[in-house]
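Enquirer: Have a look at this one before I ask anything.
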Amino acid sequence: IEKTARIRCDIYMRKVEGSGWGPAVKLPPHINHPDSTNTEPSVGLSPGDSTEVLYFVSNRPGGKGQRDIWYSRITGDEFSQPVNLAAINTKENDITPFYHNGTGTLYFSTDGLQTIGGFDIYRVKGHGEVWDEPVHMGMPINSPANDAYFAVSKNGKTAYLASNRKGSSAFKAEDKGEIPG
């Protein structure tokens with residue numbers, strides 16, 4: 001008999017305390033929806049103001065697809081009700097958001113738009129509910145494999161990504177063509 005486990009993730013935070021980190025604190029239930037997975041957090045700043053925004057991925061009710069990108073404004077220790085980033089989400093999986101403050105660009109991966117294969121990385125400018133059309137990053141950033149977790153350095157001159165393309169050191173999920181999360 002084959003059993004499949006349902007993986008459920010929650011998002012936690014830690015504050016800097018002195019020269020170290022404080023205890024891990026689970027974010028509230030409106031962020032960590034109790035019957036859903038909540039994962040891949042990334043914090044960015046809204047253009048033109050100093051409001052931090054938490055971007056994350058969840059399969060909670062009210063989304064457009066399987067896994068969607070959601071966002072919540074952060075004020076002090078308070079998180080606003082999450083909003084589905086419906087302007088860019090698809091009916092498939094939209095994952096690994098990274099908001100680059102310097103350019104006002106959100107990078108994410110999806111298998112719900114045109115791809116070279118698997119998950120491909122897209123970029124889109126905007127904030128809140130106003131977003132441009134997502135732009136495919138093309139090759140060599142994208143490949144016939146899964147490409148995800150794109151992140152740009154603060155100065156915008158270096159970028160990093162994860163991929164299970166040929167020649168990479170892969171984890172076991174590569175055999176199934178999956179990106180965990």
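Enquirer: Could you check the range 26-42 and list, in sequence order, the residues that are of a type in the set (Ser, Thr, Tyr) and assigned to a loop (DSSP other than H, G, I, E, B)?
Expert: 36, 37
Enquirer: Please count how many residues of the range 72-85 are open to solvent by 20 Å² or more (accessible area, probe 1.4 Å) and in contact (Cβ under 8 Å) with a residue 40 or more places away in the chain.
Expert: Count: 4.
Enquirer: Out of (1) closer than 18 Å to residue 102 by Cα; (2) modelled with pLDDT under 95; (3) not charged (D, E, K, R), what's the single condition that is false for residue 140?
Expert: Only one criterion in (1) closer than 18 Å to residue 102 by Cα; (2) modelled with pLDDT under 95; (3) not charged (D, E, K, R) is unmet by residue 140, namely (1).
Enquirer: Taking the residues in the range 44-55 that are surrounded by fewer than 17 Cβ atoms within 10 Å (Cβ to Cβ) and hydroxyl-bearing (Ser, Thr, Tyr) as candidates, determine which candidate is farthest from residue 34 (Cα to Cα).
Expert: Across the range 44-55, the extreme among qualifying residues is 50.
Enquirer: Select from the range 56-70 the residues that are in contact (Cβ under 8 Å) with a residue 24 or more places away in the chain and open to solvent by 10 Å² or more (accessible area, probe 1.4 Å) and write down the one among them that is nearest to residue 106 (Cα to Cα).
Expert: Ranking the qualifying residues of the range 56-70, first place goes to 67.
Enquirer: I would also like to ask the following. Residues 160, 107, 149: which one is at positive phi and either open to solvent by 20 Å² or more (accessible area, probe 1.4 Å) or modelled with pLDDT under 85 (or both)?
Expert: Going through 160, 107, 149 in turn, the sole match is 149.
Enquirer: Let me ask something else. For the range 115-128, does any single residue satisfy the condition of being of a type in the set (Gly, Ala, Ser), crowded, with 19+ Cβ neighbours inside 10 Å and out of contact with any Leu (no Cβ under 9 Å at 6 or more places or on another chain)?
Expert: Yes, the conditions are met somewhere in the range 115-128.
Enquirer: Take the range 131-142 and flag every residue that is touching a residue at least 12 places away in the same chain (Cβ under 8 Å) and over 28 Å from residue 71 (Cβ atoms).
Expert: Answer for the range 131-142, where residues must be touching a residue at least 12 places away in the same chain (Cβ under 8 Å) and over 28 Å from residue 71 (Cβ atoms): just 139.
Enquirer: Further question on the same structure: Just name the residue that is modelled with the lowest pLDDT out of those in the range 5-17 that are out of contact with any Phe, Trp or Tyr (no Cβ under 9 Å at 6 or more places or on another chain) and either basic (Lys, Arg) or under 20 Å from residue 76 (Cβ atoms) (or both).
Expert: Once the filter is applied, the top-ranked residue is 6.
The values are calculated or read from the model by the stated rules, or taken from the named source; none is laboratory data. Since the structure is predicted, the reported quantities are computational estimates derived from the model, not experimental observations. When we count neighbours, we look across all protein chains shown, and the Cβ atoms used for this are built from the backbone with ideal geometry, even at glycine. Remember, those area values only see protein heavy atoms, side chains included, never the ligands or the DNA or RNA. Shrake-Rupley method; radii C 1.70, N 1.55, O 1.52, S 1.80 Å.
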